[in-house]
Amino acid sequence: MLPLSHPDRIEPDSPRPRRSSHPSRPSATEVLRYGERYADLRDQHLAHTLILEDAREEREEISAHERITCHVHRRWAHECIASPMHVIPVTGHRWCRPCEAEASVAVDEVTRSVTVVCTRCRQTPETAATRQITRTCRASLAAAHESRRARVQAQNTASAAA
Ligand SMILES: [Zn+2]
Ligand SMILES: [Zn+2]
């Protein structure tokens with residue numbers, strides 16, 4: 001029996017298994033289509049993730065709220081969640097319904113904790129939208145951390161080779 005080429009198959013010589021559902025690099029077509037907007041970003045990993053998520057959003061695989069990067073601000077989700085643009089009363093994102101007030105998001109880069117608190121009652125709105133913010137900001141914190149680590153590693157390799 002011939003081994004079937006499955007997208008989830010792990011290449012024997014690849015250092016790390018890569019989930020096909022979330023590749024870390026966009027295809028050439030995706031870069032061509034969505035990349036121009038992010039061409040000046042210094043963080044390549046961020047630019048790649050933005051392109052990938054733009055593509056996935058357009059294919060309706062994810063919603064704008066499930067992204068770990070922000071299309072509008074061109075940043076990791078946790079870096080611009082404090083912007084007034086991310087207060088969306090209709091969906092309940094950064095919004096306390098009983099108070100009809102804004103909620104703020106505290107992001108701790110060190111402990112990687114994300115806390116959503118109503119600016120009026122000081123309670124966490126227990127909604128799906130709040131859980132989504134917490135989830136995506138935690139994921140974007142982790143991705144940004146990973147990206148920084150990769151950059152430092154690349155710099156070290158470059159200086160060692162020089
Ligand atoms: Zn944003
Ligand atoms: Zn409240």
Which distance in nm do the two modelled labels at residue 42 and residue 128 give, with both placed 7 Å along the Cα-to-Cβ direction?
4.0
Spin-label proximity, residue 91 to the range 112-131 - amide N less than 13 Å from point 7 Å beyond Cα toward beta carbon:
128-131
Accessible area of the range 56-105 with a 1.4 Å probe: how many percent of it is carbon plus sulfur?
51
Let me have the 222 nm mean residue ellipticity of the chain computed from DSSP H runs of 4+ only, each contributing -39500 (n - 2.57), with the sum over all residues rounded to the nearest 500.
-12000 deg cm²/dmol
The range 127-162 to the range 63-112: how many Å between their Cα centroids?
18
Nearest-ten-degree value, helix 44-58 long axis tilted from longest Cα axis of the chain:
70
Taking the Cα-to-Cβ direction at residue 29 and at residue 104 and moving 7 Å from each Cα, how far apart do the two end points lie in nm?
4.6
Reduced Cα scattering model of the range 26-135, Debye log10 I(q)/I(0), q = 0.12, 0.17, 0.20 Å⁻¹
-0.46, -0.82, -1.02
Of the residues 38, 91, 127, the Cα lying farthest along the dipole of the chain towards its positive end, which is defined by charges on the beta carbon of Lys, Arg, Asp and Glu, belongs to 127
Multiply the residue gap between residue 162 and residue 60 by 0.36 nm, knock off their C-alpha separation, and tell me the result in nm, one decimal place.
32.2 nm
Working from Cα positions, state the angle (0 to 90°, nearest 10) between the long axis of helix 128-161 and the longest principal axis of the chain.
40
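The values are calculated or read from the model by the stated rules, or taken from the named source; none is laboratory data. The shown structure was predicted, so the numbers you read here are calculated from the model rather than taken from an experiment. Cβ: placed from backbone, ideal geometry, glycine included. Neighbour counts: every protein chain shown. Each accessible area value is taken on the protein alone, full model and side chains, heavy atoms only, with ligands, DNA and RNA left out. Shrake-Rupley method; radii C 1.70, N 1.55, O 1.52, S 1.80 Å.
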